[in-house]
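Notes follow once the structure below has been shown.
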Amino acid sequence: MPEPNRPAFHPAALIPVAYFLSLLAWGVWDFVTGDPVTVLYQLLALAYLAALAVVYLVPGRREATSRGIAPDRWIALASANLLIPLSYLPQRDVVPDVVLLGALFAANLLSWWALFSLRSAFSLTPEARRLVTSGPYRIVRHPLYVAGFVVGLALLSGAWSWAALALFALYAGATLLRARAEERVLRRAFPAAYAAYAARTPAFLPRLTPARRGPAAAARSPARRG
């Protein structure tokens, strides 16, 4: 006899599980042995995918207080996956491998830092659980997307072609729309705190000079996001 307080299982709960399993399977299948530096990067990337799955699927996460609409969710999923076909385009050796690997390592480390700051607040689609302003979120509002742009530019420069340019343009457009949708959700969930945060923190490019501090910038919030 089922327990009265246990929520009913819904098949849709298997969708994120299948998604993360497919990402990990892709990472393992695409694993290329070679020089130790490349192998190290690939191991870090695989570990990051596994960490995403653990953070996203961990039971007992706080329920989101605000979510994006259906088109926002589809745009977010497109943004999360458009770099995969870009990585399969033929490489033209336009940029030295050491430069490409350096950019990929930097993006991977930034992604780890952002994920460690978000932890259970991370989500694939626009959702608001808490407002995170620590770690790399003190510098820019969207460090995970900055890391994605760095990876995309590295892939684009290594496989320069009209097809690569088109894929990167689609990725960039979807990611910018994803960021705007996420900000709408956060502004709805944390109106005053997010307004103060956005006033003092740029979206993608770090400020070269300190921001002026006014009454709004002096506001503090405990924590970010979905």
Being at pLDDT 85 or above, assigned to a helix (DSSP H, G or I) and either among the charged types (D, E, K, R) or touching a helix residue (DSSP H, G or I) at 6+ places or on another chain (Cβ under 9 Å) (or both), is that true of even one residue in the range 59-72? yes
Criterion: over 13 Å from the mean Cα position of the chain (by Cα) and either part of a helix (DSSP H, G or I) or over 27 Å from Gly158 (Cα atoms) (or both) - qualifying residue of Ala78, Ala51, Ala103: Ala103
Residues satisfying the stated conditions in the range 154-188, i.e. modelled with pLDDT of 95 or more, closer than 30 Å to Thr133 by Cβ and of a type in the set (A, V, I, L, M): Ala172, Ala174, Leu176, Leu177, Ala179, Ala181, Val185, Leu186
All but one of (1) modelled with pLDDT of 95 or more; (2) surrounded by 21 or more Cβ atoms within 10 Å (Cβ to Cβ); (3) farther than 22 Å from Leu40 by Cα hold for Gly148, so report the exception by its number. (3)
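The values are calculated or read from the model by the stated rules, or taken from the named source; none is laboratory data. Model, not experiment: these values are computed from the prediction. Ideal geometry is used to build each Cβ from the backbone, glycine not excepted, and the neighbour counts take in all protein chains shown.
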